Amino acid sequence: MRILPPFEEKLRHSIRDELAKQPTITMLALKERMEETFGRDFHFSYLRKLVGKVRNEISYEIDSAAIEPRLAELRENYRVMREALLKIVYWTPADHQEGMPRPLAKDRVEAAKSVVMLDLAILNAEAAAGLYKKPIEVLAKEFRYDPVPPEMRMVIIAAWQRGGLLPAATIEEMVPSAS
């Protein structure tokens, strides 16, 4: 019997949910779970094929995911939560008239701690994503090597010459002539 694409999509979604809940689930347990969920039998090889497709799909999504859009979504969710928590921390009698009762001191402390933890979590996520790294061109310009003083340079060249590291022609190019 042919399984239609919309139903197969629901089945894939359920398989993905089960794999998320229990990544080490056996194929037999997954087959039983899907049969229980959908109230029908599935062939073992068909489910195994679908599990492979789901795993490939997950792998592809992870590989192709760009971090910036995800961070933008995270920041937006964070902004909403932060505003709600700050209403608790900075409660005023005007908020009471809007229907929000005065929070207890322990609730205000917990809300303040949560705001700080959210701030740090966002900062860590952005730093881990490399948002605060300077471009390589800027870093390259920052590295500069001050020239070695002439007397130190002569000592280094003499040591390299004694060690046989510099041919005579190279030394003539490196040492400025006295003329």
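Evaluating GLU110 against the criteria (1) within 24 Å of GLU68 (Cβ to Cβ); (2) modelled with pLDDT of 90 or more; (3) open to solvent by 80 Å² or more (accessible area, probe 1.4 Å) leaves one unmet condition, (1). A Cβ distance below 7 Å, combined with a sequence gap of six or more or placement on separate chains, defines the contacts here; from segment 16-41, residues that are over 19 Å from ARG2 (Cα atoms) reach residues that are basic (Lys, Arg) in the pairs GLU18/ARG33; MET27/ARG48. If you go through segment 68-83 one residue at a time, do you hit one that is of a type outside the set (Asp, Glu) and over 29 Å from VAL115 (Cα atoms)? No, segment 68-83 contains no residue that is of a type outside the set (Asp, Glu) and over 29 Å from VAL115 (Cα atoms).
When the residues of segment 147-177 are filtered to those that are at pLDDT 75 or above and not in a helix (DSSP H, G or I), the one that is least open to solvent (accessible area, probe 1.4 Å) is LEU166.
Taken over segment 4-15, the criterion of being without any contact (Cβ under 8 Å) to a residue 24 or more places away in the chain and hydrophobic (A, V, I, L, M, F, W, C) is satisfied by LEU4, PHE7.
Kindly evaluate VAL138 against the criterion of being exposed (fewer than 10 other Cβ atoms within 10 Å of the Cβ) and in a helix (DSSP H, G or I). Spell out how you get there, then give the answer.
Details: exposed (fewer than 10 other Cβ atoms within 10 Å of the Cβ): yes; in a helix (DSSP H, G or I): yes.
So VAL138 passes the test.
The test for being under 33 Å from the mean Cα position of the chain (by Cα), farther than 27 Å from ALA129 by Cα and exposed (fewer than 13 other Cβ atoms within 10 Å of the Cβ) does not hold for GLN97. In segment 1-48, which residue that is β-branched (Val, Ile, Thr) and in a helix (DSSP H, G or I) is farthest from GLU61 (Cα to Cα)? Selected residue: THR37. Screening PRO103 against (1) open to solvent by less than 50 Å² (accessible area, probe 1.4 Å); (2) farther than 30 Å from GLU126 by Cα; (3) part of a helix (DSSP H, G or I) leaves a single unmet condition, (3). Residues in segment 75-94 that are assigned to a helix (DSSP H, G or I) and either out of contact with any helix residue (DSSP H, G or I) (no Cβ under 8 Å at 6 or more places or on another chain) or open to solvent by 60 Å² or more (accessible area, probe 1.4 Å) (or both): 12 in all.
The values are calculated or read from the model by the stated rules, or taken from the named source; none is laboratory data. Bear in mind that the values here come from a model prediction, so they are computed numbers and not experimental data. Backbone-built Cβ (ideal geometry, glycine too); neighbour counts: all protein chains shown. Surface accessibility is based on the protein's heavy atoms, side chains included, excluding ligands, DNA and RNA. Shrake-Rupley method; radii C 1.70, N 1.55, O 1.52, S 1.80 Å.
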